[in-house]
Amino acid sequence: MPKTKKIRTRFAPSPTGELHIGGLRTALSCYLLAKQNDGAFLLRIEDTDQKRLVQGAEKRLVESLQWAGVIPDEGVVLSKDGKIVEKGDYGPYIQSKRLDIYKKYVDKLLEEKKAYYCFCSAERLSALREKQQARKEAPRYDRHCLNLSPAEVQAKIEAGEKYVVRFKVPKGRTEFTDEVFGKITVDNETIDDQIIMKSDGFPTYHLAVVVDDYLMKISHIFRGAEWLPSTPKHVLLYRALGWEKEMPKFVHMANILNKNRKKLSKREGSVSVRDFKEEGYPAEAIINFIALLGWNPKTEQEIFTMEELVAQFDIKKMNKAGGVFDLDRLAWISNQHIKKMSIDDLYERGKEFLEKQDFYQRFQEQNNLSTEELMNYVKKVLTVEQERLSKLTEIGVENQFFFRRAEDLEYEPADICWKDNSVEETLKLLKETSRVLESIEGENWTVNNIQEKLLALAGEKRGDYLFPLRWVLTGQQKSPSPFEVAWVLGREETLLRIENGLKK
């Protein structure tokens, strides 16, 4: 039995901006397959397009993967002190450090006459395209430089003429199998003699990706479906370099779509991982959500941990149709993950967002609380809010009354009266409520005790008692139950707010 090739996958982004949510989905698929098969997932940085590089983007890409839990085993990684380093036996993993490697294979193709020098100017190529468009032909190079003699080529190079190197597409047809879209056959006459080495000495994506994937022993290539038309070019390069038997399996993933079923773009708003992180979505919610965009587990399960995704991921269950990016669905998935968190975990993750809120900063200034007292109070708020949160940025926002003083709550006396009850009747009911709550002391101040005693007082007149209580405690018509609110506020603050209501 031949030895099975070890599963090695790679994510190879260009550091031209923030990590796109679609890029994270690609990285996740690579990660899941590698982990499922005791393989290796590596991160390679494709920075050959030097004009489009963005300062700091490389580190932010790695940090975004780290935050999402999609951590490379090999390649470009973060060190313990937060610096970009390379790890593994197949480096360098940054393409701009591999120029000598690419030149070696370009020279090989030139020597074997599978590639050729092209000295055509930008003006000539532009004029050629215009003529082809006028004739309604597909734009492609006309092989003007293909038959230059070695002496002519040498003379042009010595004269300092700029050149690129083009791959000479052979005659015939190219066939390959994609793991999602099946068998694909292309007539080579439709394939352009693409540039494989630019005038600045940098390779193009087409050459670099083939050389790197071969030398790094990549077994599976995951990428967006928009790269499907380029794959015949890569297959031809594998063959030309004599690597056809080592060619990776291709897995082209359906595009992520907006609600109009068009490819998701930056014009629609948040599409970067960093955006979603800053909006307060937990990493596991984002991972769960994007895993289901184009992959169907064929079960009723909708909420997954990373471990469950590793166990259940299957390329055969990937869809050809694009998955729709639905923010309402993301919010629901996020809420399910938040509900599963311990209060301690929710506090640790949520405090950075809460600390940015003006209402919380004022609360801290107005109350001389120790760090521990403040933490315990926020955890009580979280206990009440947890079931309703879909983002960590929502903590406290709908219930700012938890972080206000009694005298700052704004409402009119008429607001707090239940239905046709008079102000005088409402005052009487609030006083009765205050006496009952005053009787609950110490450790007995629990949600259950508060609820039990107030419901016993109210009997069948729940609205008469609880409606005004909610108003004086929160200054709002809608809020968590007055039992929960009173528990969070504590006995002293609850009685103070009722007293303040009576005065109003």
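Laboratory data are not the source of any read-out in this text; all were calculated from the coordinates shown. Because the structure is a prediction, the values reported are computed rather than measured. Methodologically, a virtual Cβ is constructed for each residue, glycine included, from the backbone with ideal geometry; neighbour enumeration extends over all protein chains shown.
Taking the radius of gyration and the Kirkwood hydrodynamic radius from Cα positions alone, what is the Rg/Rh ratio for segment 173-302, to two decimal places?
Numbers: Rg = 18.0 Å, Rh = 17.4 Å.
Across segment 173-302, the Cα-based Rg/Rh ratio is 1.03.
When +1 charges are put on Lys and Arg Cβ atoms and -1 charges on Asp and Glu Cβ atoms, the dipole computed for the chain relative to its Cα centre reaches about 2760 debye.
A simple packing score, the average count of other Cβ atoms within 10 Å per residue, orders the peptides 37-44, 105-112, 50-57, 283-290 as 283-290, 37-44, 105-112, 50-57, with the highest score first. Can you tell which of F403, P480, V180 lies farthest toward the positive end of the dipole of the chain, using +1 and -1 charges on the Cβ of basic and acidic side chains (Lys, Arg; Asp, Glu)? So the residue furthest toward the plus end is V180. Cβ-Cβ distance of Q366 and E300, R₀ of 35 Å, FRET efficiency by 1/(1 + (r/R0)^6): the value works out to about 0.10.
Estimated from the Cβ-Cβ distance and a Förster radius of 35 angstrom, the FRET efficiency linking K262 and S121 is about 0.45. Karplus-derived 3J(HN,Hα) values for segment 437-447, using 6.51 cos²θ - 1.76 cosθ + 1.60 with θ = phi - 60°, are 5, 5, 7, 8, 10, x, 5, 7, 6, 10, 4 Hz; glycine and proline are entered as x.
Determine the relative contact order of the chain: mean sequence separation of Cα pairs under 8 Å and six or more apart, normalised by residue count, in whole percent. Working shown, then result.
Working: 715 pairs, mean separation 59.7, N = 504.
Worked out over the chain, it gives 12 percent.
Between I84 and E452, the simple label model (points 7 Å from Cα in the Cβ direction) yields a spacing of 6.2 nm. When the Cα positions of H220, G459, L392 are compared along the charge dipole of the chain, H220 comes out farthest toward the positive end, with charges on each C-beta of Lys, Arg, Asp and Glu.
Among beta bridges identified by DSSP and lying wholly in the chain, the antiparallel ones come to about 55 percent.
At a Förster distance of 41 Å, what's the computed FRET efficiency of E432 paired with E308, Cβ-Cβ distance as r, to 0.05?
0.20
Note on segment 98-253: the alpha carbon radius of gyration divided by the globular reference 2.2 N^0.38 Å gives 1.09.
Its residue count N sets the reference 2.2 N^0.38 Å, and the alpha-carbon radius of gyration of the chain equals 1.36 times that reference. Once you reduce segment 271-289 and segment 372-392 to the center of their Cα atoms, the two points are 20 Å from each other. Among beta bridges identified by DSSP and lying wholly in segment 98-253, the antiparallel ones come to about 70 percent.
Could you calculate the contour length gain from E111 to E443, that is, 0.36 nm times the residue separation minus the distance between their Cα atoms, to one decimal place in nm?
Numbers: separation 332, 0.36 × 332 = 119.52 nm, distance 8.60 nm.
Full-extension gain reported as 110.9 nm.
If you sort the three axes of the alpha carbon gyration tensor as a ≥ b ≥ c, you get a/c of 1.5 or more for segment 1-108 and a/b no higher than b/c, which makes it oblate.
Just report the Cα centroid separation between segment 77-151 and segment 418-476, whole Å. Each part's Cα centre sits 77 Å from the other's. Computed per residue of the chain from DSSP H runs no shorter than four, each worth -39500 (n - 2.57), the mean residue ellipticity at 222 nm is -13500 deg cm²/dmol.
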